[in-house]
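Data block below; observations after.
The values are calculated or read from the model by the stated rules, or taken from the named source; none is laboratory data. Predicted, not measured: the structure shown is a model, and the values here were computed from it. Here the Cβ is made from the backbone with ideal geometry for all residues, glycine too, and neighbour counts use every protein chain on show.
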Amino acid sequence: QSALTQPASVSGSPGQSITISCTGTSSDVGAYDYVSWYQQHPGKVPKLVIYDVSIRPSGVSNRFSGSKSGNTASLTISGLQAEDEADYYCNSYTSSSPRYVFGTGTKVTVL
Amino acid sequence: EVQLVESGGGLVQPGGSLRLSCAASGFIFSNYWMTWVRQAPGKGLEWVAGISQDGSEQSFVDSVKGRFTISRDNAKSSLYLQMNSLRADDTAFYYCARGAGWYDYWGQGTLVTVSS
């Protein structure tokens, strides 16, 4: 099972919206609504920002939203802020082994 | 307050063994699937292993199969990762995380360095 594919980097200006893609296959992202997203600031522990494709945990800003189409899941950050500059990872359930797989990670830069 | 505290990391020679522990508190440990995730310095997250609530179901990434075992002691609210035949590419921060499909709480991580 290979890692899910994410763009290495995405950037945007404050106030803009950006979207991070997470491309898998019909055995993982395309088959199940078990996609989650994590934000990780340098030297910090990952933080859950979206689960089950589009559900936002309590306490997470409503500027974060998730969606899925076919084998690709997406995380959109609207009203981009300096504090959003971080690495972002997707994760999906897979029908093969191992049971779950992370994406390659995307570095978000706020210009 | 939910807390996950890893321990057991350190420097080990190639071919050696380590046992990581994760002490959980603030929630009913036996109700949750638990997961180990690792991150090599400067690299991305890698799902390593997971174990079901009663320990009957386990899953491993291919690169650690046959070398790592995962276990839990629900009476002690503890999760373990026994790592044998360690290789240089096992060098990473190892995090324990609560959950299966999504991980809402993470420990601070313990660093495992495999080097001669």
Which listed residue, of A:Ser97, A:Ser78, is within 13 Å of chain B (Cβ to nearest Cβ), touching a residue at least 60 places away in the same chain (Cβ under 8 Å), out of contact with any Phe, Trp or Tyr (no Cβ under 6 Å at 6 or more places or on another chain) and over 12 Å from A:Val29 (Cα atoms): A:Ser97
The one condition in (1) under 23 Å from B:Gln58 (Cα atoms); (2) acidic (Asp, Glu); (3) exposed (fewer than 13 other Cβ atoms within 10 Å of the Cβ) that A:Glu83 fails to fulfil: (1)
Residues that are out of contact with any strand residue (DSSP E or B) (no Cβ under 6 Å at 6 or more places or on another chain) and of a type in the set (S, T, N, Q), drawn from the range A:1-16: A:Ser2, A:Ser13, A:Gln16
Qualifying positions in the range B:12-37 - within 24 Å of A:Gln39 (Cα to Cα), of a type outside the set (S, T, N, Q) and surrounded by fewer than 14 Cβ atoms within 10 Å (Cβ to Cβ): B:Gly26
Checking A:Ser26 against (1) facing another protein chain (nearest Cβ under 10 Å); (2) modelled with pLDDT under 95, the condition it does not meet: (1)
Given (1) part of a loop (DSSP other than H, G, I, E, B); (2) over 30 Å from A:Ala31 (Cα atoms), number of the condition B:Tyr80 does not satisfy: (1)
Unmet criterion (only one of (1) touching a residue at least 24 places away in the same chain (Cβ under 8 Å); (2) surrounded by 17 or more Cβ atoms within 10 Å (Cβ to Cβ); (3) out of contact with any Gly (no Cβ under 9 Å at 6 or more places or on another chain)) for B:Ala40: (2)
Residues located in the range A:38-71, provided they are more than 17 Å from B:Gly101 (Cα to Cα) and either of a type in the set (Asp, Glu) or under 12 Å from the mean Cα position of the chain (by Cα) (or both): A:Gln40, A:Phe64, A:Ser65
Strands (runs of 3 or more DSSP E) enclosed by the range A:4-49 - at least 3 residues per element that are more than 14 Å from A:Asn91 (Cβ to Cβ) and touching a Phe, Trp or Tyr at 6+ places or on another chain (Cβ under 7 Å): none
Complete set of residues in the range B:1-39 that are within 15 Å of the chain's Cα centre (by Cα) and assigned to a loop (DSSP other than H, G, I, E, B): B:Gly8, B:Gly9, B:Ser17, B:Tyr32, B:Trp33
The range A:51-75: number of residues that are buried (at least 17 other Cβ atoms within 10 Å of the Cβ), of a type in the set (A, V, I, L, M) and assigned to a strand (DSSP E or B): 2
